[in-house]
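Enquirer: Here it is, the structure, as structure tokens.
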Amino acid sequence: MASIAKGALVVNEMSAEAPVHTPTVSFVVLCYKLAHLLHECVNSALSQTYKDFEILIMDDCSPDNTGEVAGSFQDPRVRYIRNEKNLGVLGNVNEGVRLSRGKYVWIISADDYLRRPYIMQRYVELLESNPQVGYTFCSGVCVRNGQEMEVLSYSKYRDQDEIISGKKLLRDLLYRNFVLAPSVLVRRECYEKISLYPLFVEFGGVKIDMVWAADWYLWCLFALSFDVAYFAEPMVGYREHDLSISSSLSMSQEKLKLCAAADIAVAWMIRRKADESGLKALSKVCLQAVANEYASHGESKRYRNSNSWMSVSDFEESLCRSTQDENERNWIRARFYAARGDGLYSRGKISSARTFYLAGLRRDPTMAKTYAKLLFSFGKPGVYLRKFTRAIRRLTP
């Protein structure tokens with residue numbers, strides 16, 4: 001049966017003198033109100049062809065029968081740990097990493113599962129053969145109402161398996177998080193020598209809750225020091241439902257602001273790390289990613305079923321807290337204003353769009369595309385010109 005934990009301390013049935021086996025992989029299962037899905041997740045690990053692993057079921061004071069389900073597994077590799085108090089998602093992750101013993105750590109929510117029995121074997125063989133690789137990940141399949149649906153488009157990074165230079169991957173990862181969290185196996189060294197999941201960060205004099213963006217930040221941070229491996233086959237099932245971790249982050253306006261602040265902080269913080277390492281070219285890419293993140297919120301960024309929209313005053317407050325360099329501020333302002341102009345134009349507010357285009361060009365006169373958009377915004381000629389441009393694009397093979 002699964003060994004049982006009291007608080008955060010596992011009570012083992014073996015004697016104190018018995019040697020403790022160090023498994024190659026620690027499978028850390030996060031569980032809160034997900035007892036009804038726990039069997040599928042744990043059994044997907046137990047059915048792996050690779051056998052040298054442990055499973056830690058991390059019960060974050062769940063009010064359901066998680067303990068009962070955990071106790072039903074007749075396998076000594078399964079350990080059940082119930083926290084003495086609710087730690088929250090990120091606190092529970094870090095506790096799982098702390099209690100795990102494996103050379104590699106796989107963190108997964110109890111509502112997700114491994115779709116292929118050979119995924120752990122493939123991951124471990126690659127990591128063992130390539131010590132420069134810090135973590136591996138793969139694409140995944142959306143699971144809705146108990147049925148496997150389409151491959152998650154955002155999780156498809158390449159058409160084939162590949163080991164990617166960490167700094168090369170980072171140039172893409174800074175613009176969007178395409179790393180599917182339940183598909184990631186991480187070298188323990190990354191957590192021990194670089195960072196655990198940050199619960200909060202102090203940035204620009206403001207304390208930022210990282211619950212939405214902590215994994216994205218770590219994937220970027222690890223890629224600064226290690227290469228990364230990707231498997232194209234969708235070997236993980238990612239469940240979409242009301243109790244999932246991502247869905248539980250209900251999108252009130254206040255939480256949307258927290259998400260936006262965390263996303264913006266990620267690019268700024270990685271840029272700081274790049275500067276500390278003397279990576280000037282990468283630092284410039286980070287600054288471009290910062291501008292892109294601000295611009296996406298200026299036009300309206302989608303979070304699940306909600307949109308995050310940043311006012312000019314909120315943008316200015318965030319920008320001025322984050323950098324004291326006025327040239328950087330104006331470069332970013334130009335792109336924020338241009339994006340705001342695009343949003344206004346799409347809603348038919350042509351005059352207001354023109355105002356923002358001009359404001360952007362005053363900060364950076366080199367934005368050629370914005371000049372074209374500004375031309376399009378002048379009355380009927382502009383409308384006809386834009387329609388003509390779109391027609392040409394549709395005809396172009």
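The values are calculated or read from the model by the stated rules, or taken from the named source; none is laboratory data. These figures come from a predicted structure and were not determined experimentally. Neighbour counts are summed over all protein chains in view; Cβ atoms, including those assigned to glycine, are modelled from backbone coordinates with ideal geometry.
Enquirer: Scanning for something in a loop (DSSP other than H, G, I, E, B), aliphatic (A, V, I, L, M) and over 29 Å from ARG272 (Cα atoms), does the range 108-128 turn up at least one residue?
Expert: Among the residues of the range 108-128, at least one is in a loop (DSSP other than H, G, I, E, B), aliphatic (A, V, I, L, M) and over 29 Å from ARG272 (Cα atoms), which makes the answer yes.
Enquirer: Testing GLN160 on (1) within 15 Å of TYR113 (Cα to Cα); (2) of a type outside the set (Phe, Trp, Tyr); (3) not in a helix (DSSP H, G or I), one condition comes back false. Which one is that?
Expert: Status for GLN160: all satisfied but (1).
Enquirer: Ok, one more. If THR396 satisfies every condition in (1) closer than 23 Å to GLU202 by Cα; (2) at pLDDT below 85; (3) out of contact with any helix residue (DSSP H, G or I) (no Cβ under 9 Å at 6 or more places or on another chain); (4) polar (S, T, N, Q) but one, which is the exception?
Expert: For THR396, the exception is condition (1).
Enquirer: Moving to a separate point now. List every residue pair whose Cβ atoms lie under 6 Å apart, where the two residues are 6 or more positions apart in sequence or sit on different chains, the first residue falls within the range 94-105 and is farther than 12 Å from GLU189 by Cα and in contact (Cβ under 8 Å) with a residue 40 or more places away in the chain, and the second residue, located anywhere, is β-branched (Val, Ile, Thr) and buried (at least 21 other Cβ atoms within 10 Å of the Cβ).
Expert: GLY96/VAL28; SER100/VAL28
Enquirer: Can you list the strands (runs of 3 or more DSSP E) found entirely within the range 1-106 that contain at least 3 residues being modelled with pLDDT of 95 or more, among the aromatic types (Phe, Trp, Tyr) and buried (at least 23 other Cβ atoms within 10 Å of the Cβ)?
Expert: none
Enquirer: Yes or no: ARG116 within 21 Å of THR22 (Cα to Cα), touching a strand residue (DSSP E or B) at 6+ places or on another chain (Cβ under 6 Å) and surrounded by fewer than 22 Cβ atoms within 10 Å (Cβ to Cβ)?
Expert: no
Here's the yes/no breakdown for (1) outside the structural domain of GLU299 (by TED's automatic domain parsing); (2) closer than 15 Å to ALA295 by Cα; (3) part of a helix (DSSP H, G or I):
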| site | (1), (2), (3) |
| --- | --- |
| ALA339 | no, yes, yes |
| GLY343 | no, yes, yes |
| TYR357 | no, yes, yes |
| ARG362 | no, no, yes |
| PRO365 | no, no, no |
| LYS373 | no, no, yes |
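Enquirer: Then there's this: Across the range 189-203, what is the number of residues that are part of a loop (DSSP other than H, G, I, E, B) and among the hydroxyl-bearing types (Ser, Thr, Tyr)?
Expert: Looking only at that region, the number is 2.
Enquirer: Follow-up question, since we're still on this one. Would you point out which residue out of LEU173, LEU258 is touching a helix residue (DSSP H, G or I) at 6+ places or on another chain (Cβ under 6 Å), buried (at least 16 other Cβ atoms within 10 Å of the Cβ) and among the hydrophobic types (A, V, I, L, M, F, W, C)?
Expert: Answer to the check: LEU173.
Enquirer: Answer with yes or no whether LYS167 is part of a helix (DSSP H, G or I) and either on the phi < 0 side of the Ramachandran plot or surrounded by fewer than 22 Cβ atoms within 10 Å (Cβ to Cβ) (or both).
Expert: yes
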